[in-house]
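The values are calculated or read from the model by the stated rules, or taken from the named source; none is laboratory data. Note that the coordinates shown come from a computational prediction; the quantities given were computed from them, not determined experimentally. Ideal geometry is used to build each Cβ from the backbone, glycine not excepted, and the neighbour counts take in all protein chains shown. Protein only, heavy atoms only, side chains kept; ligands, DNA and RNA dropped before computing areas. Shrake-Rupley method; radii C 1.70, N 1.55, O 1.52, S 1.80 Å.
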Amino acid sequence: MDLTDATRMILAESAAFPELMRATRDAHDTLVAGRRVHHTALTWILREASRKDLYGALMRKHGTEAFEDMVTVLCREIDRQAPVPTR
């Protein structure tokens, strides 16, 4: 699974939440255009999907393994981009 697929999964279930749907659609369109989505936007999408309780719907629709792949792909990209705090 890639980032485009991961955002598409959330986008498909976010119609009831306009702000989440808008942010996810923007991220998806940016990825389709071959550009990078900033880690803060990806973090917000992942957090908001959790707050809106979309995780259960995603697991039921796509299965636990696909859901875990989606979260892993998003988290790896967030981790890759996020600055490392200095001590």
Which one of Thr86, Met70, Ala27 has its Cα pushed farthest toward the positive end of the charge dipole of the chain, where Lys and Arg give +1 and Asp and Glu give -1 at the Cβ?
-> Thr86
Dipole magnitude (debye, nearest 20) for the chain, charges at Cβ of Lys, Arg, Asp, Glu | 240
Could you point to the residue in Ile10, Gly56, His38 farthest towards the positive end of the range 10-75's charge dipole, with +1 and -1 charges on the Cβ of Lys/Arg and Asp/Glu respectively?
-> His38
Percentage relative contact order, the chain, counting C-alpha pairs under 8 Å, at least six apart = 38
Once the Cα atoms of helix 39-51 and of the chain are each reduced to a long axis, what angle between those two axes, in degrees from 0 to 90 to the nearest 10, is obtained?
-> 30
With x for Gly and Pro, the residue-by-residue ³J(HN,Hα) of the range 23-38, computed from phi through the Karplus equation 6.51 cos²θ - 1.76 cosθ + 1.60 at θ = phi - 60° and given in whole Hz, is 5, 5, 5, 4, 5, 4, 4, 5, 5, 4, 6, x, 9, 8, 9, 5
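For the chain, which whole-number percentage of the solvent-accessible area (1.4 Å probe, protein heavy atoms only) is attributable to carbon and sulfur atoms? Could you put the intermediate results ahead of the total?
Values: 2770 of 5530 Å².
The C+S portion of the solvent-accessible surface of the chain is 50 percent.
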Accessible area of the chain divided out per residue, in Å², using a probe of 1.4 angstrom = 64
Hey, what number do you get for the chain at 222 nm if only DSSP H runs of n ≥ 4 count, each worth -39500 (n - 2.57), divided across all residues, to the nearest 500?
-> -24000 deg cm²/dmol
Could you state the angle between the C-alpha long axis of helix 3-13 and the longest principal axis of the C-alpha atoms of the chain, as a value from 0 to 90 degrees rounded to the nearest 10?
-> 40
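For a distance above 16 Å, tell me the whole-number percent of Cα pairs in the chain that qualify. Intermediate values should be presented prior to the final figure.
Working: 1822 of 3741 pairs.
Here the tail beyond 16 Å accounts for 49 percent of pairs.
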